[in-house]
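One structure below.
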Amino acid sequence: MTSILGISAFYHDSAAALIIDGEIISAAQEERFSRKKHDSRYPFNAVEFVLNHSNLKLSQIDYIVFFEKPFLKFERLLETYLAFAPKGFASFCMSMPIWLREKLFQKNFLFERLKEHDKNFEDINKIYFSEHHYSHAASAFYPSPFKDAAILTIDGVGEWATTTVAVAKDNEIKILKEIYFPHSIGLLYSAFTYYTGFKVNSGEYKVMGLAPYGEAKYKDIILKELIDLKEDGSFRLNMKYFNYATGLTMINEKFTNLFGKKVRNPKKDLLTQFHMDIASSIQAVIEEIILKLVTSISKEIKSRNLCMAGGVALNCVANGKILKNNIFENIWLQPAAGDAGGSLGAALAFWYQELSNKRNPSLTHDEMKGSYLGPSFDDQQVENTLKSLNAKYERHSEENLISLIANELKNEKTIGWFQGRMEFGPRALGARSIIADPRSDKMQKELNLKVKFRESFRPFAPSVLREDLNDWFELNSDSPYMLLVADVKKNIQIPMNDKEKKLFGIDKLNIKRSTIPAVTHVDYSARIQTVHKETNPKYYKLIKKFKEITNCSVLVNTSFNVRGEPIVCTIEDAFKCFMGTNLDILVCENFILYKDKQIKSLLKDYKNEFEND
Ligand SMILES: [Fe+2]
């Protein structure tokens, strides 16, 4: 038995992953345990979790692989400083102390931290380093159901690379070309995230969500002034407009002058049509770059399959367009596409590339186990915890519970759904989700304002039974990780059950797409999760039951948290979030908690508990 622990840390989202003999066993992000969103510190809790999950001590682990090479990264900081000196001095000084303290001597630093898990761990030579984009590429290809593929990884920046094209076959990944810092699609998108008043590295989703409300009026200006985009998708940014290589902000005055408005202050300035037009413009530019890149890759690499990872792969609107344009026949996206997934990629890269192990993809399903790779709690643990929290609960059989909850959904109740192993990656996929009836007119506003405490424009995503996907959406391929956007069908045909068939004398009911308003974006698109009975049987059964009583095989699915809070991990987290928001019902495994039956003094104001993201 060979066990490999992968770690990503000290940059964006730290995480740990464990693989045994090449099988993905467990993976989790540190933020879920520390309750600090995007926590980038050494992932002590995540490492503890993956070890305990397999009853292993650290000294029993064969290899530990870090997701990037600290020295290369240090070199980039140093060279950037020299290239832009003296302008870059401020940022260099800001980053130096951290590097000196934690990063420059990372092998020793890591070794010391690892020993905290197990005093008997004494072999520093078990620690290895992968490369940042190589880790992303490995996380995109090795778990995929493909024997061969083209790989595209795009993010802000790793060591030097920001965009990487690779080709993979069997157990081997070969990097073909790279685009280097400071030329970066991720950082370009982040510059606009900053300009529209959202937080860099987390507000990118908001820009994407805002885009359909605007018109791409500034697309031409961006393409003319900010970026030199070639036909093959390669690009260079015009660094006259950006500050991130040299200063502590993303953009400079030239940038704001170009668009004629200052950076939006989220505390004072409301979002206006201008910001929506800006969001729409940068989204259009990003899509154009990605489509050009993917098209040129498809000409160069003879494979029908494309794998993607890196933070920009989370831009599901762009992903949907790749699919729609039929550039590749199949596309697979790593659900933990950001730096957290680098932990898994680093471990897999070591197993296949360094140890030269054979790879036998199933060709029908991927190796991520639905991305349900985190902690879980059995009924006994749930009950003990609920008791200790003074919660009022009912225990039901699974069948009974599913029927009860399907009916509560129909009654427009908002429900916290806590089941099985927590998801790895930024999306809730029916293990730590808030779910609701998508047919309700008031649901989007209600969930945004009273449950999630966030902007009312934020769209919600649908979970749909895989076999019914085509009844509701213009999409034909699996989207188990909610990473593809497609249109809601113009005319939806709902099949009638036997009783209805007799009653109405028709097989199918024709209705317009506005029938699921809570998950339909203003441009009639939706970010889709297909639900599969093989990976999440209980959630599948729930939607199936909901369909039985409503004819609707779609649910609203949003992450179980409030604005600024990491997704809930434990029963305690779930109960706290339930009691601090307007959620009506909490379901933990086979236990149901109704809000109106809880002790009033346990209710709390949760709205300002977490920092705005
Ligand atoms: Fe990255």
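Quickly run through region 159-172 and pick out the residues that are buried (at least 23 other Cβ atoms within 10 Å of the Cβ) and either within 15 Å of the ligand (Cβ to nearest atom) or at pLDDT 95 or above (or both).
Those that are buried (at least 23 other Cβ atoms within 10 Å of the Cβ) and either within 15 Å of the ligand (Cβ to nearest atom) or at pLDDT 95 or above (or both): ALA161, THR162, THR163, THR164, ALA166, ALA168.
Is region 289-303 home to any residue that is part of a strand (DSSP E or B) and under 27 Å from SER343 (Cα atoms)?
No, region 289-303 contains no residue that is part of a strand (DSSP E or B) and under 27 Å from SER343 (Cα atoms).
Quick one: is GLY186 modelled with pLDDT under 95, under 21 Å from ASN319 (Cα atoms), of a type in the set (Gly, Ala, Ser) and touching an Asp or Glu at 6+ places or on another chain (Cβ under 6 Å)?
yes
Report yes if some residue within region 325-335 is assigned to a loop (DSSP other than H, G, I, E, B), within 16 Å of the ligand (Cβ to nearest atom) and under 24 Å from the mean Cα position of the chain (by Cα); otherwise report no.
Within region 325-335, one or more residues are assigned to a loop (DSSP other than H, G, I, E, B), within 16 Å of the ligand (Cβ to nearest atom) and under 24 Å from the mean Cα position of the chain (by Cα).
So is GLY320 touching a residue at least 60 places away in the same chain (Cβ under 8 Å), of a type in the set (Gly, Ala, Ser), within 16 Å of the ligand (Cβ to nearest atom) and within 29 Å of TYR213 (Cβ to Cβ) or not?
So GLY320 does not fit the description; no.
For the subset of region 142-158 comprising residues that are surrounded by fewer than 20 Cβ atoms within 10 Å (Cβ to Cβ) and in a loop (DSSP other than H, G, I, E, B), which member is farthest from the ligand (Cβ to nearest atom)?
LYS147
How many residues does region 336-379 hold that are within 16 Å of the ligand (Cβ to nearest atom) and either closer than 20 Å to GLY186 by Cβ or assigned to a loop (DSSP other than H, G, I, E, B) (or both)?
Qualifying residue count, region 336-379: 11.
Would you say ALA309 is within 16 Å of the ligand (Cβ to nearest atom) and at pLDDT 95 or above?
No, not satisfied.
Return yes or no: is GLU30 modelled with pLDDT of 95 or more and buried (at least 24 other Cβ atoms within 10 Å of the Cβ)?
yes
Among VAL568, VAL587, which is the only one that is crowded, with 18+ Cβ neighbours inside 10 Å and either modelled with pLDDT under 95 or touching a Lys or Arg at 6+ places or on another chain (Cβ under 6 Å) (or both)?
VAL568
Could you pull out the residue among ASN400, ASN407 that is of a type outside the set (Ser, Thr, Tyr), surrounded by fewer than 20 Cβ atoms within 10 Å (Cβ to Cβ), in contact (Cβ under 8 Å) with a residue 12 or more places away in the chain and part of a helix (DSSP H, G or I)?
ASN407
Which ones in region 52-81 are at pLDDT below 90, within 16 Å of ILE7 (Cα to Cα) and either in contact with a Gly (Cβ under 7 Å, 6 or more places away or on another chain) or hydroxyl-bearing (Ser, Thr, Tyr) (or both)?
If the condition is that a residue be at pLDDT below 90, within 16 Å of ILE7 (Cα to Cα) and either in contact with a Gly (Cβ under 7 Å, 6 or more places away or on another chain) or hydroxyl-bearing (Ser, Thr, Tyr) (or both), then GLU68 is the only one that fits.
How many of the residues making up region 1-29 are within 16 Å of the ligand (Cβ to nearest atom) and charged (D, E, K, R)?
1
Would you kindly identify the strands (runs of 3 or more DSSP E) lying entirely within region 535-613 that contain at least 2 residues that are touching a Pro at 6+ places or on another chain (Cβ under 9 Å) and among the hydrophobic types (A, V, I, L, M, F, W, C)?
Answer list for region 535-613: 554-559.
The values are calculated or read from the model by the stated rules, or taken from the named source; none is laboratory data. In this text, all values refer to a predicted model and were calculated from it rather than measured experimentally. In this analysis, Cβ positions are derived from the backbone assuming ideal geometry, glycine residues included, and neighbour counts consider all displayed protein chains.
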